[in-house]
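Following: one structure in structure tokens, then a few remarks.
The values are calculated or read from the model by the stated rules, or taken from the named source; none is laboratory data. Keep in mind it's a predicted model, so treat the numbers as computed, not measured. Note that each Cβ is placed from the backbone with ideal geometry, even for glycine, and that neighbours are counted across all protein chains shown. SASA here: full protein model, heavy atoms, side chains in, ligands and nucleic acids out. Shrake-Rupley method; radii C 1.70, N 1.55, O 1.52, S 1.80 Å.
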Amino acid sequence: MLDFLGNLTRTHYCGALRASDAGTNAIVMGWVHRRRDLGNLLFLDLRDRTGIVQVVFNKETQPAPHAKAEQARSEFVVAVEGNVIKRQKANPELATGEVELVATKLHILNNAKTPPFPVEDEINAAEETRLRYRYIDLRRVKPHRNIALRHKIVLEIRKVMDEMGFIEVETPMLTRSTPEGARDYLVPSRVHHGQFYALPQSPQIFKQILMIGGLDRYFQIVKCFRDEDLRADRQPEFTQLDLEMSFPRQQDIFEVIENVMVRACAVAGIKAERPFPHMKHADAIRLYGVDKPDLRLPPMTDVRGAFTAEQLARFKFRSDLPIQLIRTPNVGQLSRKEKEQLDQKIRDGYFQAAGGLLRSVWIHDFARLERDYPETTEKIRTIGQVVENDLLVLVGGVDRPEVAPQSLKAETVCGMAGLLRLDLAEHFRERHKAFERGDWKFAWITDFPLFEWSEKDKQWVSAQHPFTGIIEEDLDKLEQPERRGEIRSKGYDLVLNGNELGSGSIRIHRQDIQERLFKALGLTEEQQRRRFGFFLDALTYGTPPHGGIALGIDRIAMLLAGEKSLREVIAFPKTTAAQDLMAESPSSVDAPQEEELEIMAAYPLLTSHNWSLAGLCDRLWRVIERQTSGHDLPVDTSFQQAMSLILAKSHDDARAVIRLGKSGYGVQAAALSRSLIEAAINADYIQLRPEEHGWAFIRSLKDSNQRLAKRMKPHASTDEVHQLIKAAEDIQTESGWPRTLGQRADFLPKPNYLYDVAYFMVSQLIHSDIAATAGKLSEGNRTGQFKLQVGPSNEWVPQALATCFIALHEVAKVSFTAFRIDQSEFEPLASLFQKLTRDFETAGA
Ligand code: ASP
């Protein structure tokens, strides 16, 4: 039996009890962390957010609570009333270790299943299990501590921003695409068919518009969504400190952020030094090989100058490319095994990856090098500022006749050497200990190139987002395609210990320049208008110079908490496969929701005419559904029986046609609507003589395997099979149901177009003339090639939907007659349909 909380009031948190509380009464509440039963004495360790306290149940003095405590198990939720006493022997492991609570009353408020893993500081449960049972994982000390720290950091950031005159403004989550270089998460609109909201990749455009709106200093702690390829250190939704200010110099923004970061670090007990150093992007690449340098270890140096031409030739180093010296401090002597491992790492790991274009020398025997090449060694020492116990590795371009010089660039040499530098630093972290010292090396990276060359798209693309300002002297190069790679932006990044914390820029604030940039990116005027029209307009109404930045809150919290994974500082994180294992998202949706949203319509852009047609089909389908589905319908007559069969199948077929049509699968929708035509012709044919034809229809269906038998005919060989087939055919002939669709259609009052439509469609779809294949074939990349398209293609959508409407309407009319259901709802739909098709024909003509 469980107890109720009633009016019971907690007096202390578990973790708060101290020696000074001895002698008082206390009521604590929490989870049973551990239970130890020593017979007369039973101990429960009770846990809440603040820590653990030991509770004692004494069988002799308090038999009732003791008996109750015997029922308690791990993770039961309980309240304990008792007296705080000093322990005879303190437990130094616990903050509450000097006291314990002698229970006078135990309330078991809830029981618990055995958890999938124990709630301990150190657990070895797989991360997957932890994420699936996140609520149990969250009970542990570390997640609590991390989440609380994150809270404190965010709180402090809000305070600092407020102190500096920034105003927090919320920007929409349901919005349109903002280009940050990732894919959008899209939300289909229920009200506006075929239209979508995009979840923001960032509030970039809105914050710029806030500056146009005169807000002057904006900030926001905001969720952003980017559908990017999976990577260990990314979350599809993440939190940014986003800010923007008007009339800023770059230095003003740096000062704001340095203030924020120093204060945020202080919350975590970390002392960060301002001002942060600045480094140009080109220097970061040259010295560290990356744009987010880790300054805790020495930079690389180009020691090309230490070698004579003859030595370079002998070592097969290219003289026109840097020879990067990587120094890893305090590595000292290596064992033979370590040397072998290192050899392999450098050879296989790096120089294989560079396609054999690089060459590296690992100087493990400096003494020998010194003996053979004393001068060179001395120069390397001086240029590279080598000190005792440094591990030295040289990386340069390989000089071999078969390697074309242009296949290797200086940035590639630096980039690969930079990766190796970090890898060596990680490998020898125990020796150099630079990562343990608690150094917090911030830096600003500036002077980024505005564009990057995209091999994939074969064009220049924005290195950051396309609103990034351009250094004035470089503006003219926008119109000189061959010089676009030289243009410098007004962008900057903040880095910390090899991590990018965020990036920002002084923006383009003039509409003429923004348009020139879009043009340089290859956007036509029409595309510019369609995607950014509202923003380009806003720029023309008096836009102040402005700039800003966004920092990754998750990453900052991770680093300040000393964690290696973002998931450790997010309450409900997603896996690297972008899933929430606890909530099991993403997930498929329930049918009605899917129907409303027509999520599949994410692909094609259907014309408004097609959407209207689909809407009419939907309404017709729903009338039928509402009037027939789930109701008892009479089937007293053959007519009714036959129509119930035809109606049921048409209902399903029509639904499929409408869905396929909306999703742009026009060809498939059209093929399926042929089955609806057959149903309509059958319905009309049955209605000619309801009882007689209805009965014939049912008889012909009864032995549907007869048709199967017929298909076997060409393969049949024995007499017996022949006889069976003949018998089956006789039954069908006797049923009186005309064998072909054409025969049935012939009976119907003329003119009846349905048969002609079916005939036309089938021949278009089956016969491989150009018209029939138009929806599936398009020209490939090269002339003389064709591409077969099996996915969405809007060809045939109007035919399919119009046919669906007409045929379903026919079937419904006849069925409703059979069941004596009121038909008045069809009338307005039919006239709407006629009007729509008339408008369409007029527009098309
Ligand atoms: N919108 C940018 C981002 O999310 C930051 C900025 O330019 O302010 O990376």
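Against the main long axis of the alpha-carbon atoms of the chain, helix 250-267 sits at an angle near 80°. Estimated at the nearest 10 Å², the accessible area of Leu539 is 10 Å² with a 1.4 Å probe. Separation of segment 545-577 from segment 404-455 is 21 Å, based on Cα centroids.
Of the cross-linked pairs Lys280/Lys490; Lys339/Lys433; Lys409/Lys441, those separated by over 18 Å at the C-alpha level are Lys339/Lys433; Lys409/Lys441. Using the Cβ-Cβ distance between Leu109 and Asn499 with R0 set to 45 Å, the FRET efficiency works out to roughly 0.55.
Put simply, the C-alpha atoms of the chain give a gyration tensor, and the ellipsoid matching it has half-axes of 64, 46, 30 Å, longest first. Around the amide H of His546, modelled in the peptide plane, lie the amide H atoms of Phe247, Arg507, all under 5 Å away and 5 or more residues distant in sequence or on another chain.
When the trypsin sites (Lys or Arg not before Pro) in segment 1-107 are filtered for DSSP coil states and for at most 11 other beta-carbon atoms within 10 Å of their beta-carbon, the remaining sites are Lys89. Based on Cα atoms of segment 1-90, Rg over Rh with Rh as the Kirkwood radius reads 0.93. Under the rule a/c < 1.5 gives rounded, and otherwise a/b versus b/c splits prolate from oblate, where does segment 361-506 land using the Cα gyration tensor? In terms of gyration-tensor shape, oblate. Angle of helix 753-766 to the longest C-alpha principal axis of the chain, folded into 0 to 90 degrees and rounded to 10: 50°.
Taking 0.36 nm per residue of separation and subtracting the Cα-Cα distance, full extension of the segment from Lys223 to Ala67 would add 51.1 nm.
Amide H contacts of Asp3: Ile108, Leu109, each under 5 Å away and 5 or more positions distant or on a separate chain (H built 1.01 Å from N in the peptide plane; Pro and chain starts excluded).
DSSP beta bridges confined to the chain are antiparallel in about 90 percent of cases. The Tyr373 and Asp233 beta-carbon pair, evaluated with R₀ = 35 Å, returns a calculated FRET efficiency of approximately 0.25.
Let a ≥ b ≥ c be the square roots of the eigenvalues of the Cα gyration tensor of segment 108-189; is it rounded (a/c under 1.5), or, if not, prolate (a/b larger than b/c) or oblate? Because a/c hits 1.5 or more and a/b fails to exceed b/c, segment 108-189 counts as oblate. Taking 0.36 nm per residue of separation and subtracting the Cα-Cα distance, full extension of the segment from Glu168 to Asp457 would add 100.2 nm. Across segment 282-293, coupling constants 3J(HN,Hα) worked out from phi with the 6.51/-1.76/1.60 Karplus curve, θ = phi - 60°, read 4, 5, 4, 5, 5, 8, 10, x, 9, 8, 10, x Hz, and Gly and Pro carry x. So how far apart, in nm, are the two label points at Tyr135 and Asn330 if each is 7 Å from Cα heading toward Cβ? According to this spin-label approximation, the distance is 4.7 nm. Largest accessible area first, the listed residues Glu691, Glu482 line up as Glu482, Glu691 when surface is computed with a 1.4 Å probe on the assembled protein chains.
Here is the list for segment 16-85: GluC sites (Glu not before Pro) lying in DSSP coil, each with at most 10 other C-beta atoms within 10 angstrom of its C-beta, are Glu60. Using a simple spin-label model with pseudo-atoms 7 Å out from Cα toward Cβ, Thr733 and Asp439 lie 9.8 nm apart.
Starting from the Cα of His151, move 7 Å in the Cα-to-Cβ direction to define the label point; list residues of segment 7-42 whose amide nitrogen is under 20 Å from there. Answer for segment 7-42: 10-17, 28-31. Here, segment 624-666 yields an orientationally averaged convex hull projection of 3.4 nm² when only Cα atoms define the hull. Close amide H pairs (under 5 Å, H built 1.01 Å from N) link Ile470 with Lys490, residues at least 5 positions away or on another chain. Using a simple spin-label model with pseudo-atoms 7 Å out from Cα toward Cβ, His192 and Ile27 lie 5.6 nm apart. Converting phi to 3J(HN,Hα) with the Karplus coefficients 6.51, -1.76 and 1.60 and the offset θ = phi - 60°, segment 377-383 yields 4, 4, 5, 4, 4, 6, 4 Hz in sequence order, with x at every glycine or proline. Here is the result for segment 146-205: no chymotrypsin sites (Phe, Trp or Tyr not before Pro) lie in DSSP coil with at most 10 other C-beta atoms within 10 angstrom of their C-beta. Residues in segment 560-571 carry Karplus couplings, in order, of 5, 7, x, 9, 9, 10, 4, 5, 6, 10, 10, 4 Hz; the curve used is 6.51 cos²θ - 1.76 cosθ + 1.60 with θ = phi - 60°, and Gly or Pro positions show x. Applying D = kT/(6 pi eta Rh) to segment 643-684, where Rh is the Kirkwood radius over alpha-carbon pairs, T corresponds to 4 °C and eta to 1.567 mPa s, the Stokes-Einstein value obtained is 126 µm²/s. Relative to the longest principal axis of the Cα atoms of the chain, the long axis of helix 797-819 makes an angle of roughly 50 degrees.
Rolling a 1.4 Å probe across all protein chains gives Phe43 an accessible area of roughly 30 Å². Relative to one another, the C-alpha centroids of segment 227-298 and segment 137-180 are positioned 16 Å apart.
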